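Each value in this text was obtained by applying a stated rule to the coordinates, not by laboratory testing. On a predicted model such as this, the values are computed, not experimentally measured, just so you know. In this analysis, Cβ positions are derived from the backbone assuming ideal geometry, glycine residues included, and neighbour counts consider all displayed protein chains.
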Amino acid sequence: MSGTDKKWWKESVVYQVYPRSFNDSNGDGIGDLNGITEKLPYLKELGVDVIWLSPVYQSPNADNGYDISNYREIMTEFGTMEDFDRMLETAHELGLKIMMDLVVNHSSDEHEWFRESRSSKDNPYRDYYIWREAKDGKEPNNWGSCFGGPAWEYDEQTDMYYLHLFAVKQPDLNWDNPRVREEVFDMMTWWCEKGIDGFRMDVINMISKDPALPDGRPGPGGYGDPSAHNGPHVHEYIQEMNRKVLSRYDLITVGECGGATAEDALDYARADGKELNMIFQFEHVRLDDGEDIKWAHRKIDLTELKQVMSKWQILLHGKSWNSLYWCNHDQPRIVSRLGNDSPEYRELSAKMIATNLHMMQGTPYIYQGEELGMTNYPFTSIDEFRDVESLHAMQELVEKKVLTEEEIFESVCYKGRDNSRTPMQWDDSSEAGFTTGTPWINVNPNYKEINAKEQVGREDSVFHYYQKLIRLRREHEIIVYGSYRLLLPESRDVYAYERSLKDEVLLVVCNFTDRDITFDVEDGSALAEAGKGVMLISNYGRETLEKQITLKPYEAFVWKYHRSV
Ligand code: ISL
Ligand code: CA
């Protein structure tokens, strides 16, 4: 296999479902599998190919399913294995694939392996997790957990500490133990045999820890950065997984790799197919972080965004494969972050941002509600938050005086993960049609204006625009396989780029401001050629191009033409 081979997963569009917040079929306020099955025709109508399901396994929900207590059972609140099988079968009948979330850097502390492991030092499962003696009466090193506090938890029973890079209830599995790897590979095979179509791999670049467990550079909270990214055996373990499981099935695989550089991607998403198809990188969603800290934030600078996106587009072309995403269950809503969620510009800017991403090279991921231009939630009090990360941050950073209460609250409102976890807005009936009961987290009050029913029924809605972007990708090979060139790198207002394949060119132009902006078509392409092209999509109904045009606020269009030689 080489980096330019055609593959179905390169030509697909993925839709992420966060089951807890998608659709509740039995009125308990929690989304569930039967709720998803009921809405599969909606996803079919949107036109996506693959559904990535956030975890649906048995879990005490310390981190909404990212803490798994049994990898072969369905979470009680979500339904039964029969419900899962029915969902999978219905999806396949509709031609939709199902990608499972694989969370194996850690399990829940309620997993049987961990219960055994913590029970005694000589238990056969002891080495399934990472246990260490105290050092000078304290934690074995200074590592901090990604959710705040130390990454070590003292366990009285055996007078030792266990490692948890995330919540206390998410102990890290010990991947250096070959039995752990076999357990994980067996479990993956079991799901593949059921007929699932792929895996999204949670924090997969953190599974191999530096065995010396060295102290890390302390951040603002006082804890050290864990030496866990790109650890010494990470590629060896992923290649073993590939040999023993992935290569035996025709799957789509994406590894979540926070902190990965584009160079790292060439190793994880190798053209020779020995590891994963693609990774989720984080550079573009970290551009509004404060220095060293997620919870101080700044405005995204468009020129920096262009630099980051372009670097990934160019470096991976022909050598690896990109994933394309703005949103997921860990990120705030993109229209509130990068666009403009005022009534006047919400739809226009949502369409512009979508155009910008969907015309790039890579496999696009749409997060539930993004296709409606769903917005951040208007939080007014701490009681409205559910997320372990946000709640912990609000407590710890104030205690440590890193930020004031007002600062952290403002920041969590802007960037907190609950923004994207509010229920899917289906219609304008009570609780947005998500549940007949009381939802586990508040519905965004703007559901009367923003909901699927209204948008499916309206030709110029954000929903129909996404539907068209997805269709264009299917119809125009250049969108999937063409090369990329950035235009006007210095502009702080316009993001314009070209894609090329043989003699075909796409000109993609996006105005990221709420102002009229003059754009010289010749900046991108020769006018004579522009004159001969066709407009593939435009959020203002623009049909033709002249030498100089005035871009309207948040205007986006895609012009396709043949380059004369
Ligand atoms: O959202 C984040 C905190 O700022 C990220 O750092 C996130 O924790 C990181 O991307 C890992 O995310 C994944 O693993 C976590 C889980 O909470 C996230 O929902 C998941 O996507 C632990 O399993
Ligand atoms: Ca339910």
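Annotations for the structure displayed:
- Relative to the dominant Cα principal axis of the chain, helix 234-244 is inclined by about 90°.
- Residues whose placed amide H lies under 5 Å from that of ILE74, excluding near-sequence neighbours: GLN58, MET81
- Between helix 81-93 and the chain: long-axis angle, C-alpha atoms, 0 to 90°, nearest 10: 20 degrees
- Once the Cα-Cα distance is subtracted from the 0.36 nm per residue extended length, the GLU410 to LEU486 segment shows a gain of 23.9 nm.
- Dipole magnitude of segment 471-523 about its Cα centre (Cβ charges: Lys, Arg +1; Asp, Glu -1), debye to nearest 20: 380 debye
- Förster-model FRET efficiency, 25 Å R0, LYS294 and LYS121, C-beta, rounded to 0.05: 0.10
- Each residue of segment 196-201 is assigned a 3J(HN,Hα), and the resulting list reads 5, 10, x, 9, 9, 9 Hz, derived from the Karplus form 6.51 cos²θ - 1.76 cosθ + 1.60 (θ = phi - 60°), x at Gly and Pro.
- Converting phi to 3J(HN,Hα) with the Karplus coefficients 6.51, -1.76 and 1.60 and the offset θ = phi - 60°, segment 398-406 yields 6, 3, 7, 6, 6, 9, 7, 4, 5 Hz in sequence order, with x at every glycine or proline.
- Exposure proxy order (Cβ contacts within 10 Å, fewest to most) of SER430, SER54: SER430, SER54
- Test item: Cα-centred dipole of segment 440-510, Lys/Arg +1 and Asp/Glu -1 on Cβ, debye: 260 debye
- Compactness of the chain is given as radius of gyration and Dmax, 23.6, 78 Å, from Cα positions.
- Couplings 3J(HN,Hα) for segment 70-80, derived from phi with the Karplus relation 6.51 cos²θ - 1.76 cosθ + 1.60 (θ = phi - 60°), are 7, 6, 10, 10, 8, 4, 3, 5, 8, x, 10 Hz, where x marks Gly and Pro.
- Here the simple spin-label model places points 7 Å from the Cα toward Cβ, and for ASP5 and GLN157 these points are separated by 4.6 nm.
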